[in-house]
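Before any comments, here is the structure.
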Amino acid sequence: MSSPQQQENTSPDSKEEESRHLLTAPLPQSTSPLINGDADDDEEEFAYGSGEKIHVVEFDSVPIDGVDYSTVPPFSWKKLWQFTGPGFLMSIAFLDPGNLEGDLQAGAIAGYSLLWLLLWATVMGLMIQLLSARIGVATGRHLAELCREEYPRWAGLLLWFMAEVALIGADIQEVIGSAIAIKILSRGVLPLWAGVLITASDCFLLLVLENYGIRKLEAVFAVLISTMALSFAWMFGDAKPNGKELLAGLLIPKLSSRTVRQAVGVVGCVIMPHNVFLHSALVQSREIDLKKKGQVQEALNYYSIESSFALLISFMINLFVTTVFAKGFYGSEQAGSLGLVNAGQFLQDKYGGGLFPILYIWGIGLLAAGQSSTITGTYAGQFIMGGFLDLRLKKWLRALITRSCAIVPTIIVALIFNRSESSLDVLNEWLNVLQSIQIPFALIPLLTLVSKEDIMGTFKIGPTLERVAWTIAVLVMVINGYLLLDFFVSEVNGPLFAFLVCAGTAGYIAFILYLISHGGGNVANWFNLLRTKGYSYAGQ
């Protein structure tokens, strides 16, 4: 054993070699300057532990003198395959039962005329999701964690509450959609509440899959998305939509006064609050050295490609559903009464049995959509709860808590609203409103944080991209605001309820303005300048 004196006399060459090794070693996430706490903190606080991340080829190559790690290496199909996965899990939110109901109603009421809007809404959703991936890759932290660190505690807790409410609302729609599919496939033997209980078991499926690694989980989702694609493509083939009308609907923008509500629904379904939080965490499943700018940029490039491809597939699936119902029910008496509950039977009556009854094809596609979206909802709930509250719980316990928070109200809803189809339609409208209210509390933190240099460093978005992103965000919020206004005008009755709605709206707007002014970037500076001028003018 060497003495302290001998250790101090270690040769300069060995010290230099040790220093060089430390400088070139990958940066553990626990040493990130954005993390508050000791290096000894439990690894469970991160989205993925070091042992859970997928190893990327060539990322562990021995550092070589003279190599510029700020440059992006050449494109590699092998690396693209290794980065493929998070975008497909993210794309599930574009295919959940709520979206499918919006698709079928848009097709039945508006025909092919809103296909162009579906296309551009998907493009807008892609841009928001790429910003979510950007903040996760560049910082090594997901959006919920960053919100906890960047906002005061009261604001962070309020954002967490809003995210949880949005997640529960989305989960109710997804679980009910799965339960409807189970009822269809069981020929009515299993009631809605039984389907809810069966769907609740996906939490345990998630826990089992997580034990086998993120790649196995991604493979299961690939199977579910393929099932949806095949089911709805089969329906598309049976329906034989008009090719010319389909192409005209995609290329020629049309919007009439009687299809405004469906148009709002198409755009409103694109941005799911929990999905914005989810994608920023999913991209951390790959091992990336944050010190090497070229490696970070390379990861962003690959994630952009795979997310774009994933949303292209989701767009095609939504297109299939919309066109099938446009061909079969546009201009018919049933158009205004179509929903998830009766859509399968209407399809069966319209297109008949055939080799494989279209009712069951619809049921299989709907079941795949519901099951996949409930699993991703549980996954998102883990990150949202752990990130905002800084919980050190094991992932299985977090998943169980998240699932319980959503499944208990869902069972109650299933028992209450199982009496009629119209009651489920009313429930769906209320849930859409609930999620629309939450959208600013995911978009505003994302856009303010991704434009702050002290968080993003050189990867913060530029002024042009910031303006485009805020334009999209404002457009989505205004469209959802129209939906809210239209809904409350028709539903609010009585002076007490009207007073509560007005008071809640005032607080809601005040919190949105606070989030905008608190964040950095050009938009926050512009807003604060306007506010200062307003105070000066009022003082005069």
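The values are calculated or read from the model by the stated rules, or taken from the named source; none is laboratory data. Source: prediction; values computed, not measured. FYI the Cβ positions are ideal-geometry reconstructions off the backbone, even for glycines, and counts take in every protein chain you see. Surface areas here come from the heavy atoms of the whole protein model, side chains and all, with no ligands, DNA or RNA. Shrake-Rupley method; radii C 1.70, N 1.55, O 1.52, S 1.80 Å.
One-quarter of the Cα convex hull surface for the stretch 105-192, in nm²?
9.2
Can you tell me how much longer the chain between Ile416 and Val260 gets when fully stretched, taken as 0.36 nm per residue apart minus their C-alpha distance, in nm with one decimal?
Working it through step by step, the gained length comes to 53.1 nm.
What do the square roots of 5 times the Cα gyration tensor eigenvalues come to for the stretch 100-149, in whole Å, largest first, as semi-axes of the equivalent ellipsoid?
Details: eigenvalues 237, 27, 7 Å².
Those come to 34, 12, 6 Å.
For the stretch 262-339, with all protein chains present and a 1.4 Å probe, just round the carbon and sulfur fraction of the accessible area to a whole percent.
Using a 1.4 Å probe with all protein chains present, the stretch 262-339 comes out at 60 percent carbon and sulfur.
With N set to the number of residues, divide the alpha-carbon radius of gyration of the stretch 299-418 by 2.2 N^0.38 Å and report two decimals.
1.43
Just to check, using Stokes-Einstein with a Kirkwood Rh over alpha carbon pairs, what's the diffusion coefficient of the stretch 183-271 at 25 °C and 0.890 mPa s in µm²/s?
140
Quick one: pull the percent of accessible area on the stretch 84-136 belonging to carbon and sulfur, 1.4 Å probe, ligands and nucleic acids left out.
76
What residue among Pro74, Gly136, Pro86 has its Cα farthest toward the positive end of the dipole of the stretch 71-146, where the charges are +1 on Lys, Arg and -1 on Asp, Glu, each on the Cβ?
Towards the positive end, the residue furthest out is Pro74.
Show which lysines lie in cross-link reach of Lys53 when reach means a straight Cα distance below 18 angstrom and same-chain residues fewer than eight apart are skipped.
Within the straight-line cut-off, Lys53 pairs with Lys78, Lys79, Lys216, Lys291, Lys292, Lys394, Lys395.
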